[in-house]
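Q: Pasting a structure below so you can have a look.
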Amino acid sequence: MPPSPTSYQRLLNRAIDLLGSPLVPIGGALLLVLAAKLYLIAIAGNPTPFWDQWGGEAIDLFIPYVDGRLTLADLISPHNEHRIFFTRLWALLVLELAGNWNVLAEMIANALLHLGVLVLLAWLLRSLMAQAPWLMALFLILLFAVPFGIENTLWGFQSQFYFVLLLSVPALALLASAAALSARWMVGLALAMAAYFAMASGALTPIGAAAVPIVQMLIGARRRTPREVAGVAMLIGTTILAIAVTTLPPDTGHSRAQDIGQWLSAFSRAAGWPLRGIIVAPIVLNAPVLLLLWRLVRDKVEPRDAAWRLIAIAAWLALQCASLAYGRAAAAVMSRYLDLLALGVIVNAAALVRLSADAAAGRAQVAATAGWTAIVAALLALSAAVTLPRFYLLDRAAAQSRTEALSLFIRTDDVRAFVRPMFWAPTPFPERLAAIVRRPEIAGLLPDQFGVSPAVRSATRQRLALHGGLGLSPATTARLALYAAAALFAAVAALWAAAASLRLVYPPRP
């Protein structure tokens, strides 16, 4: 029988409340981010492994794995200065499920990983995002649906950036609020230690987390007990130990800052992104976080307040920018680093929301909030319009050249197929690449489209744990990504249309 008017009204009220909740704009924005990534992978993803994949995946990981001699020492061994344990496990998982070295499947797996990072961030900052959900949704879309991190999206060997975020962000949140040596604190410490095995800069997570308890103790918001002091000492000691066991390869010396001037310039670009061209860019961009920190210190706000999470993440990002400015001085704002740097914009936007929600916020502060938002949003749009089309066109042409080179070599076994301009060949080392591709453990893992003999492919894939897994080809992967992107775009459009329609018919209740 049809529901009674009372139960119908109750269901309607629930629907209105749900569609009017912060989950609609924030959740919709996150789904749009995934949809945009999947669409880009579908139309621009290339099946040819690129650059570090031939050494980091083929030589160091896949060959020993297929041969049955992969050890834990191999999984945690250095890749340049990094110990990419989680990236290696992730690559093996994708290899087994896809049944071949499917770079597009790696891209999709990384897109899902990035979505997980953003969902976790939104959950940890939910009390702040809920105060201005549509504004936060706007920044999520501008920063992550627009592909500033296009290298991370279209290169398969990039999950380390997402793993360091996935481990560091919850570690920072836990260590900013938990009592030292408590169960929650120990979980935070474990996550912070694990971040080192995502990227070398994960070594800075413990000391970044220590900054907040130190400030809290100095202002009296956290008790200055031996237990708390010991906790801070453990965090700092963990970072010192991690740095001590990190080796900087000598062949990366040209990438590092050569003097303090070069370091300052690189730090300003990284910490101030997307603001460019002014030395005070980091101060302008991070003014909301700095003002929020002053408010927290002035009012001696207790550690449980979510605003301290913003301060912890901001402190960690400052250390990341300092590390990046030293280790990659000339490339501090390359696309591959922007998924990391974009977090600074989100943190400052959330800080603005918190400041604007303050009962004492005046018209000047509201105007400053609107001005900061307009400037940053405009610069993001301008940066996207100027840089992304050129990068997309160049990378697509270069990627096609890499595929042609690999296919030609497999047909002819002629190393001259790899003699091409920088970035237009799979790697810049033709002889080394030829030796890798000639290995049956690697040739047999390449997708069928490259023309490796069926006998080699079958023999190699039968040595995998899943004996070929799903047998997912790059072409099928691209089609699935396109269908999923279309479905997600449609779902978000329907969700937001339903929310708008209900709000027009049933205005918010007082």
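Just so you know, all these numbers are worked out from the coordinates, no wet-lab data involved. These figures come from a predicted structure and were not determined experimentally. FYI the Cβ positions are ideal-geometry reconstructions off the backbone, even for glycines, and counts take in every protein chain you see.
Q: Would you mind calculating the gained length between ASP448 and ARG276 on full extension (0.36 nm times residue separation, minus the Cα-Cα distance), in nm to one decimal?
A: 57.4 nm
Q: Give the angle, between 0 and 90 degrees and rounded to the nearest 10, that separates the Cα long axis of helix 363-412 from the longest principal axis of the Cα atoms of the chain.
A: Between the helix axis and the principal axis of the chain, the angle is about 10 degrees.
Q: Between ILE43 and LEU470, what FRET efficiency comes out of the Förster formula 1/(1 + (r/R0)^6) with R0 = 30 Å and r the beta carbon distance, rounded to 0.05?
A: Values: r = 22 Å, r/R0 = 0.74.
FRET efficiency, LEU470 to ILE43: 0.85.
Q: At a Förster distance of 30 Å, what's the computed FRET efficiency of ALA130 paired with ILE243, Cβ-Cβ distance as r, to 0.05?
A: So the FRET efficiency works out to roughly 0.20.
Q: Right, here's the next one. Give the Cα extents of segment 218-328 along the principal axes, in whole Å, largest first.
A: Cα spread of segment 218-328 along its principal axes, largest to smallest: 46, 36, 20 Å.
Q: Using the number of other C-beta atoms within 10 angstrom as an exposure proxy, rank ILE207, ILE108, ILE260 with the fewest first.
A: Values: ILE207 21, ILE108 26, ILE260 8.
So the ranking, lowest neighbour count to highest, is ILE260, ILE207, ILE108.
Q: Give, in nm to one decimal, the length gained when the segment between ALA497 and LYS300 is fully stretched (0.36 nm per residue of separation minus the Cα-Cα distance).
A: 66.6 nm
Q: Another one. Can you give the relative contact order of segment 202-329 as a percent, counting alpha carbon pairs under 8 Å and 6+ residues apart?
A: The normalised contact order for segment 202-329 reaches 40 percent.
Q: Please compute the length gained on full extension between SER255 and MET334, using 0.36 nm multiplied by the number of residues separating them and subtracting their Cα-Cα distance.
A: Values: separation 79, 0.36 × 79 = 28.44 nm, distance 1.27 nm.
Between SER255 and MET334, full extension yields an extra 27.2 nm.
Q: Determine the relative contact order of the chain: mean sequence separation of Cα pairs under 8 Å and six or more apart, normalised by residue count, in whole percent.
A: 26
Q: Continuing with the same structure: Could you check how many percent of all C-alpha pairs in segment 264-389 are farther apart than 24 Å?
A: 30
Q: Something else about it: Could you work out how far helix 103-124 tilts from the main Cα principal axis of the chain, as a 0 to 90 degree angle to the nearest 10?
A: 10
Q: By how many degrees, between 0 and 90 and to the nearest 10, does the Cα long axis of helix 335-357 differ from the longest principal axis of the chain?
A: For helix 335-357, the angle is close to 10 degrees.
Q: Taking only C-alpha pairs under 8 Å that are 6+ residues apart, what is the relative contact order of segment 1-160 in percent?
A: Details: 126 pairs, mean separation 65.3, N = 160.
Computed over segment 1-160, the figure is 41 percent.
Q: Sticking with this one: How charged is the neighbourhood of ASP74? Take every other residue with its Cβ under 10 Å from the Cβ of ASP74, and add Lys/Arg as +1 and Asp/Glu as -1. Don't skip to the end; give the middle numbers.
A: Details: positive: ARG69, ARG88; negative: ASP60.
Charge balance in the 10 Å sphere: +1.
Q: Go through (i) 1.05; (ii) 0.95; (iii) 1.17 and flag the label whose value is the computed Cα Rg over 2.2 N^0.38 Å for this structure.
A: (i)
Q: Hey, how much of the P(r) for segment 1-148 falls beyond 28 Å, as a percent of Cα pairs?
A: 43
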